[in-house]
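Okay, so here's the structure we're looking at.
The values are calculated or read from the model by the stated rules, or taken from the named source; none is laboratory data. From a predicted model like this one, the values you see are computed outputs, not experimental measurements. Please note: Cβ atoms are built from the backbone with ideal geometry, for glycine as well, and neighbour counts cover all protein chains shown. Protein only, heavy atoms only, side chains kept; ligands, DNA and RNA dropped before computing areas. Shrake-Rupley method; radii C 1.70, N 1.55, O 1.52, S 1.80 Å.
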Amino acid sequence: MSRSARVGILGGTLDPIHQGHVEAALASRRAFALDEVRVVPSRVPPHRPAQPVASQYHRFAMASLAVNGLAGFVASDDELQAPGPSYTADTLERLHRNGLEASQIYFISGADAFAEIATWRRYPEVLELAQFIVVSRPGHPVTALPERLPHLAARMRRAGSAIAVPDQPSIFLLDAPTPDVSSTAIRERLRTGRPVTGLVPAAVERHIIQHGLYAAGVPADQLHGQN
Ligand code: ATP
Ligand code: MG
């Protein structure tokens, strides 16, 4: 990967990955001419509260299916391979060790997630490790962020203004029309037997149905009668 390549990172539990994730990543890729976007399911070790419903194997499989055929997109098992819970700061530092500079890395997050940045591990240092693209999400406009995070307002700039990067990594606000969908809503639809057509990529929908993921009474880890 050359020194000038721009790499987008879209992380999350991705339980499951859906069109909101895909559209946020596509809009980021277009707006910032990203050469590559890596979709990175996060690791949640077994003893942690708030366990994902689908196993990390299924979450990675669905991420792979979602990017299949999308030019410039890859699914990355980087966080699943690392020990412990996934923290963005650690992920970004691993990318640095692998030769990427902060100015090349574009960490993509939704406005709802970024609004909680002060609670992230190693805040505020984490902001020095990459450029951040914050994408609007229905109910979470990026225009609300400077007021919500006044101490960071000076570092925020609207996407489309100067993409050229000053000495310090920036927080780019990207107002993009992403669909009003969440993994929580998708899991609830599936639990109650409703279709998710159009809410997730078609290949992901087939995978979910084929493996009975998120259906009521069939936890993914009991498919073979264990536990
Ligand atoms: P859950 O309901 O389980 O929290 P989610 O839909 O929020 O799921 P996450 O895996 O939590 O999905 O999100 C990963 C990242 O993708 C976060 O930064 C989140 O803000 C962003 N994101 C998710 N959905 C959208 C969307 N529709 N538009 C823009 N960003 C989104
Ligand atoms: Mg979420």
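In this structure, A61 does not qualify as touching a Gly at 6+ places or on another chain (Cβ under 8 Å), open to solvent by 20 Å² or more (accessible area, probe 1.4 Å) and assigned to a helix (DSSP H, G or I).
This table checks each residue for (1) outside any helix (DSSP H, G or I); (2) on the phi > 0 side of the Ramachandran plot; (3) open to solvent by 10 Å² or more (accessible area, probe 1.4 Å).
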residue	(1), (2), (3)
A25	no, no, no
A31	no, no, yes
L34	yes, no, no
R38	yes, no, yes
R43	yes, no, yes
A50	yes, yes, yes
L65	no, no, yes
L80	no, no, yes
P85	yes, no, yes
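For (1) in a helix (DSSP H, G or I); (2) of a type in the set (K, R); (3) within 16 Å of ligand 2 (Cβ to nearest atom); (4) over 20 Å from L34 (Cα atoms), each residue gets a yes or a no:
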| residue | (1), (2), (3), (4) |
| --- | --- |
| T91 | yes, no, no, no |
| R122 | no, yes, no, yes |
| V126 | yes, no, no, yes |
| V134 | no, no, yes, no |
| A176 | no, no, no, no |
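Just to be sure, is A115 in contact (Cβ under 8 Å) with a residue 24 or more places away in the chain, within 15 Å of ligand 1 (Cβ to nearest atom) and under 24 Å from A185 (Cα atoms)? In short, yes. Criterion applied to V53, V22 was being in contact (Cβ under 8 Å) with a residue 60 or more places away in the chain and closer than 22 Å to V142 by Cβ, and the one residue passing it is V22. Remark: A71 falls outside the filter, which requires a residue to be small (G, A, S), at pLDDT 95 or above and assigned to a helix (DSSP H, G or I). Please specify each residue of segment 188-198 satisfying the condition of being under 11 Å from H18 (Cα atoms) and within 15 Å of ligand 2 (Cβ to nearest atom). Within segment 188-198, no residue meets the criteria.
Considering segment 94-120, the residues that are of a type in the set (A, V, I, L, M) and away from ligand 2 (no atom under 15 Å from the Cβ) include one that is most open to solvent (accessible area, probe 1.4 Å), namely A118. The set of residues in segment 135-153 that are among the basic types (K, R) and under 14 Å from A118 (Cα atoms) contains only R148.
Scanning segment 189-217 for residues that are within 15 Å of F60 (Cα to Cα) and not in a helix (DSSP H, G or I) returns V200, P201, L213. On the stretch given as segment 1-22, residues that are more than 12 Å from ligand 2 (Cβ to nearest atom), under 25 Å from Y57 (Cβ atoms) and open to solvent by 30 Å² or more (accessible area, probe 1.4 Å) total 1.
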